[in-house]
Amino acid sequence: MSKIFLFSGVHVNKFENYKNAYEILDAVIDEWCDRERERRRQEGLPPISKLELKNELGRAAGLGNGDADNSAGKGIYRYCSGETPITVDKAMQICHYIKSYEFIQWMGYQTGMLMTHRSIIENLDGINEEDILSEIVKCLKDTTKFVETLSSTYQSKASFDAIRIIEDVFMRAILQMEKTRLMLKKLVEMMLEPGTQVSFWLMPEKKKKNKKRE
């Protein structure tokens, strides 16, 4: 894999100039502030400063002494400066609030893990077994196409830029395989429910051919 390996849609090289976790947290929160200010501007809401947003974020994460001062925002600043080490619980609260998991994903990547979001399968409970099987087959076909594309690209000794682009295909293949795994898990759960008809699962037995003795 190249230096620009993707994990959950995040480019590792996006943070390649940072050495410390708190620097990543600072960058992620700052980007959230920019996005939130722009969102509010487009919706015609009153302007808001980054300090106000960080106070809002800090209070959501249980920091500060209330609404009267900037202690909640100062708590965020201490995390982002490295003055106060951040706990896993606080990191999760912050990531949930800003709806970005790049910080936690980066931490996982540093420990050698490839982290991908769990694929969300909407209305899975309302899909019958046959439809799930059809979807699984479709996912497997898509994954095969992704793998074939990856294989041909690498074998052709492609340029660095081509490899960088094709890694997005690699991530889509991983997500498709995860989606397939979740659907298989759900299918097994459905089959184990009392009163479930599982006859469709049984494949027709192949007739054994007796070899004639010469």
Report task. Could you tell me whether residue 143 is hydroxyl-bearing (Ser, Thr, Tyr), modelled with pLDDT of 75 or more and in a helix (DSSP H, G or I)? Result -> yes
Report summary line: Of the conditions (1) surrounded by fewer than 16 Cβ atoms within 10 Å (Cβ to Cβ); (2) part of a loop (DSSP other than H, G, I, E, B); (3) at negative phi; (4) at pLDDT below 80, the single one that residue 112 does not satisfy is (3)
Query raised in the report: Which one is farthest from the chain's Cα centre (by Cα), of the residues in the stretch 146-167 that are surrounded by 12 or more Cβ atoms within 10 Å (Cβ to Cβ) and modelled with pLDDT under 70?
Result: 158
Report summary line: Checking 130, 205 in turn, the sole residue that is in a helix (DSSP H, G or I), at pLDDT below 75 and surrounded by fewer than 16 Cβ atoms within 10 Å (Cβ to Cβ) turns out to be 130
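Per-residue answers, yes or no, for (1) over 25 Å from residue 112 (Cα atoms); (2) in contact with a Leu (Cβ under 8 Å, 6 or more places away or on another chain); (3) assigned to a helix (DSSP H, G or I):
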residue	(1), (2), (3)
25	no, no, yes
28	no, no, yes
31	yes, no, yes
34	yes, no, yes
46	yes, no, no
54	yes, no, yes
64	yes, no, no
75	yes, yes, yes
Requested in this report: Scan 179, 138, 185 and give me the residue that is at pLDDT 65 or above, part of a helix (DSSP H, G or I) and under 30 Å from residue 14 (Cα atoms).
Outcome: 179
Report task. For the stretch 82-103, indicate whether the set of residues that are over 22 Å from the mean Cα position of the chain (by Cα) and in a helix (DSSP H, G or I) is non-empty. Result -> no
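The values are calculated or read from the model by the stated rules, or taken from the named source; none is laboratory data. Note that the structure is predicted; figures quoted are calculated from it, not measured. Heads up, the Cβs are rebuilt from the backbone with ideal geometry, glycines too, and the neighbour counts pull from every protein chain shown.
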